[in-house]
Amino acid sequence: MKLLEVKDLTKIFRMGSIFSRTKLVAVDRVNFEIEESEIFTLAGESGSGKTTVSRIILNFLEATSGKIMYRGKDITNIKDREEKMRFMKEVQAIFQNPFETFNPLRKVGNYLYETATNFSVARKDKVEELLKEALDAVGLKLEEVKEKYPSEFSGGQLQRISVARALITKPSLLVADEPVSMVDASLRMSIVNLFKELKEKYKVSVLYITHDLATAYYVSDKIAIMFRGNIVEMGDVEKVLMEPKHPYTMMLKESIPEPDPKKRWKKKVDLKMTEKEEYSMKGCKFAGRCPYVKNICKTTEPPDINLDGRVVKCFLYK
Ligand SMILES: Nc1ncnc2c1ncn2[C@@H]1O[C@H](COP(=O)(O)OP(=O)(O)O)[C@@H](O)[C@H]1O
Ligand SMILES: [Mg+2]
């Protein structure tokens with residue numbers, strides 16, 4: 001059984017007044033699966049819909065349509081509190097900014113203790129042992145961190161502690177949305193490496209969300225490339241990043257050697273469209289930027305094509 005299945009997931013945001021309504025299809029019929037003990041990466045430029053996917057998985061946001069299955073069970077938009085609590089134990093989030101994860105006024109030790117008791121993961125007299133274990137998994141000692149406040153740590157150290165916090169409930173899946181983008185460049189690899197270690201040691205799966213293909217290549221088993229709410233290419237990371245087939249993935253790969261990371265994903269496309277524009281837009285969303293564009297691309301949505309161990313949404317392979 002798959003650990004997580006995302007099926008035809010769609011999220012439409014509606015904005016504006018009744019006079020100038022705009023709608024934005026932030027996530028457009030997205031499908032992917034995560035196996036046990038697997039690191040699955042969602043990559044794509046800013047605004048492609050990655051965070052929206054993760055927020056729906058975490059039940060922070062309702063899906064417009066489609067579903068999320070966890071171990072074969074539909075967990076889309078859970079309403080029941082107890083069920084939600086059970087799910088939150090199994091699937092834990094790691095956020096971009098570790099300083100927002102922790103309460104700045106509380107000692108880290110107290111905060112971790114509270115997480116453990118909130119989830120009632122252990123008897124009171126066993127909690128300390130559990131915290132030790134969680135911190136040990138990320139290479140830290142409880143005694144070294146518990147009396148300190150979040151501000152006494154660097155971003156990298158605190159992100160390590162927030163991974164430990166996530167491990168307290170012994171989850172099967174970590175959802176990590178841009179977990180290293182605010183971490184000092186020299187420490188990024190060590191955090192990403194932690195995901196690999198956790199996978200190997202504890203069989204934890206990770207949904208790793210990033211716009212950084214270098215860390216994605218290093219850590220992932222599988223990768224899905226998103227563009228404007230669609231997955232345009234998905235498969236084994238080696239295949240997708242080393243022999244990309246979708247013109248967008250090819251473009252991204254060429255942009256890897258760019259030393260200035262800010263330039264890697266230069267163009268921020270304007271994704272907001274009026275309802276009229278949205279409906280009149282047929283065909284491939286990448287057509288406007290694609291060097292291989294054909295007439296059919298402008299009028300018809302490309303199919304998902306299975307090609308050499310990956311899925312590509314492109315007419316080039318039809
Ligand atoms: N709550 C919201 N209301 C309206 N639009 C939103 C909301 N959240 C995200 N969006 C829009 O949805 C698109 C996808 O956003 P997001 O999922 O954050 O992308 P990413 O994480 O890949 O940068 C963006 O155009 C963003 O502006
Ligand atoms: Mg995001």
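The values are calculated or read from the model by the stated rules, or taken from the named source; none is laboratory data. Remember, predicted model here, so these are calculated numbers, not experimental data. Every residue, glycine as well, gets a Cβ built from its backbone with ideal geometry; the counts of neighbours run over all protein chains shown. Accessible surface areas use protein heavy atoms only, side chains included; no ligands, DNA or RNA. Shrake-Rupley method; radii C 1.70, N 1.55, O 1.52, S 1.80 Å.
Considering only DSSP beta bridges with both partners in the chain, what is the antiparallel share in %, to the nearest 5? Among the beta bridges of the chain, antiparallel pairing accounts for roughly 65 percent.
Averaging the Cα positions of each part gives two centres, and for region 166-209 and region 2-33 these lie 26 Å apart. Where the only charges are on Cβ atoms (+1 Lys, Arg; -1 Asp, Glu), what is the dipole of the chain about its Cα centre, to the nearest 20 debye? Charge dipole of the chain: 940 debye, to the nearest 20.
The loop-placed GluC sites (Glu not before Pro) in region 1-57, going by DSSP, that have at most 15 neighbouring Cβ atoms within 10 Å of their Cβ come out as Glu35, Glu36.
Could you pull out the pairs from Lys222/Lys313; Lys7/Lys294; Lys2/Lys73; Lys2/Lys199; Lys73/Lys124; Lys170/Lys196 whose alpha carbons sit more than 20 Å apart here? From Lys222/Lys313; Lys7/Lys294; Lys2/Lys73; Lys2/Lys199; Lys73/Lys124; Lys170/Lys196, over 20 Å: Lys7/Lys294; Lys73/Lys124.
Dividing the summed helix terms, -39500 (n - 2.57) for each DSSP H run of n ≥ 4, by the number of residues in the chain produces a 222 nm estimate of -10000 deg cm²/dmol to the nearest 500. Leaving out ligands, DNA and RNA, what percent of the accessible area of the chain is carbon and sulfur, probe 1.4 Å? That fraction is 51 percent. Each Cα pair under 8 Å and six or more residues apart adds its sequence gap; the mean of these over the residue count of region 70-169 is a relative contact order of 37 percent.
Taken per residue, the accessible surface of the chain reaches 50 Å², heavy atoms only and a 1.4 Å probe. Taking all protein chains as shown and a probe of 1.4 angstrom, Cys290 keeps an accessible surface of around 30 Å². Of the residues Arg29, Arg310, Arg160, the one with the largest accessible area comes first in the ranking Arg29, Arg160, Arg310, computed with a 1.4 Å probe on protein heavy atoms. Between 0 and 90 degrees, the angle of helix 155-167 with respect to the longest Cα principal axis of the chain falls at about 80 degrees. Rounded to the nearest 10 degrees, the angle from helix 124-137 to the longest Cα principal axis of the chain is 50 degrees. Oblate is the label for region 44-203. Its Cα gyration tensor axes, ordered a ≥ b ≥ c, give a/c of at least 1.5 and b/c at or above a/b.
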